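Structure, as structure tokens:
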Amino acid sequence: MDMSFMAKFSVQGRDAGKILNWVSANDVDGAAGMITYTQWLNEAGTLEADLTVTKLGDERYFVVASDTAHRHAEAWLRRHIPADATPSSRT
């Protein structure tokens, strides 16, 4: 399946799994190599992003969202990272 049009970015760092688990409706911090389909919901429970999260390693994750949600998904995630956390994301 051609996914070249999809939005893709990596999230990595000591707290990456903890943060992705906190913002995701499903548990995304499983075994390395696991791909989890999930949603990111706001405080009202409405959809912010529909995506997959792949755990690449203990501190490395790969997020794939629809092409129309790229800027929104990454910006929304950045706004929900606690000040004392240490993840980074790259497009």
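The values are calculated or read from the model by the stated rules, or taken from the named source; none is laboratory data. Keep in mind the model is a prediction, meaning the values are calculated, not measured. Reconstructed Cβ throughout: ideal geometry from the backbone, glycine too, with neighbour counts over all protein chains shown. Protein only, heavy atoms only, side chains kept; ligands, DNA and RNA dropped before computing areas. Shrake-Rupley method; radii C 1.70, N 1.55, O 1.52, S 1.80 Å.
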| note | Expressed per residue, the solvent accessible area of the chain in Å² (1.4 Å probe) is about 59
| Ala44/Thr86 FRET efficiency (R0 22 Å; Cβ-Cβ; nearest 0.05) | 0.15
| request: Could you check how much of the accessible area of the range 1-78 is carbon and sulfur, as a whole percent, using a 1.4 Å probe? | output: 54
| remark: Mean projected area, convex hull of alpha-carbon positions in the chain, reported to one decimal in nm², is 5.6
| said: Are there any trypsin sites (Lys or Arg not before Pro) in the range 1-61 that are in a DSSP loop and have at most 13 other Cβ atoms within 10 Å? List them by number. | reply: Arg14
| query | Relative to the present Cα-Cα distance, how much length would full extension add between Phe62 and Ala31 at 0.36 nm per residue of separation? | reply | 9.8 nm
| request: Under 19 Å from a label point 7 Å along Cα→Cβ of Phe9: give me every residue in the range 40-60 with its amide N that close. | output: 40-43, 47-57, 59-60
| message | With an 8 Å Cα cut-off and a minimum separation of 6 or more residues, compute the relative contact order for the chain in percent. | response | 39
| note | In whole Hz, the Karplus estimates of ³J(HN,Hα) for the range 47-59 (6.51, -1.76, 1.60; θ = phi - 60°; x where Gly or Pro) are 5, 9, 7, 10, 7, 10, 10, 10, 8, 8, x, 4, 10
| note | The answer for Glu48, listing residues at least 5 apart or on another chain whose modeled amide H is closer than 5 Å to its amide H, is Trp40, Leu41, Asn42
